[in-house]
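Asks: The structure follows.
Throughout, read-outs are computed from the coordinates displayed, never taken from laboratory work. If you're wondering where the values come from, they're calculated on a predicted model, not measured in any experiment. Cβ coordinates were reconstructed from backbone atoms using ideal geometry, including for glycine residues, and neighbour counts include every protein chain displayed.
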Amino acid sequence: MITIDDFKKVEIKIGKILSAEKIPDTDRFIKLRVDLGEEIPRQIISGIALYFPDPPLLVGKMCTFVSNLEPRTIKGFESNGMIMAVSDENGFSLLEPSSEISVGSTVR
C-alpha cells in the first residue's frame, strides 16, 4: 500500500506519439518520440513490441504517459518516461483518452 501523498508524486500526462520504431536486435522494445506539450519531444523506450509488430501504426495515437520518472538507459537508449497500458487474459491495451484532449494535459 502507498499513501495518497506517494500517489500524488506520480505525474501522468497525455502525449501524442510522433514516431515509433523497433529497436534492432530486440524482440520487446520500441523507441517512441512523444509530444507531451513540452518544447522538445521526449524519447521513451517501451517494452510493447510484442503487441505492436508494426510500430508506425502507433504514430498519431494519444496515450497516457508517466512523465516524471528518472531517465533510464534501456538497450543503449535513454528513456524519459513510461507509456501506460493494461493487460489481462483477454489482451493488451494502451490507455488512451476517450475524447479530444490536448497534449500535455495532466491526468487528475
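Asks: What's log10 of I(q)/I(0) for segment 61-108 at q = 0.25, 0.32 Å⁻¹, Debye sum over Cα points only, no solvent?
Replies: Here the Debye-derived log intensity ratios amount to -1.01, -1.17.
Asks: Also, I was wondering about something else. Using a cut-off of under 18 Å, list every residue of segment 11-31 whose amide N is near the label point 7 Å from the Cα of Glu100 along the Cα-to-beta-carbon line.
Replies: 14-17
Asks: If you don't mind, there's one more thing I want to ask. Assuming 0.36 nm per residue, please report the length gained on full extension of the stretch Leu50 to Ala85 beyond their Cα-Cα distance.
Replies: 11.3 nm
Asks: Here is a further query. In whole Hz, with x marking every Gly and Pro, tabulate ³J(HN,Hα) for segment 52-61 from phi via Karplus 6.51 cos²θ - 1.76 cosθ + 1.60, θ = phi - 60°.
Replies: Whole-Hz 3J(HN,Hα) from phi for segment 52-61: 10, x, 10, x, x, 5, 6, 4, x, 5.
Asks: Can you tell which of Pro55, Gly15, Pro41 lies farthest toward the positive end of the dipole of the chain, using +1 and -1 charges on the Cβ of basic and acidic side chains (Lys, Arg; Asp, Glu)?
Replies: Pro41
Asks: Another question, then. Please work out the ratio of the alpha-carbon Rg of segment 4-94 to 2.2 N^0.38 Å and round it to two decimals.
Replies: Computed over Cα atoms of segment 4-94, the ratio equals 1.07.
Asks: Over the chain, with a Gaussian network built from C-alpha contacts below 10 Å, which listed residue (Gly60, Gly47, Gly91) shows the highest mean-square fluctuation?
Replies: Gly91
Asks: Grab the other residues whose beta carbon is less than 9 angstrom from that of Leu32, score K and R as +1, D and E as -1, and report the net.
Replies: +2
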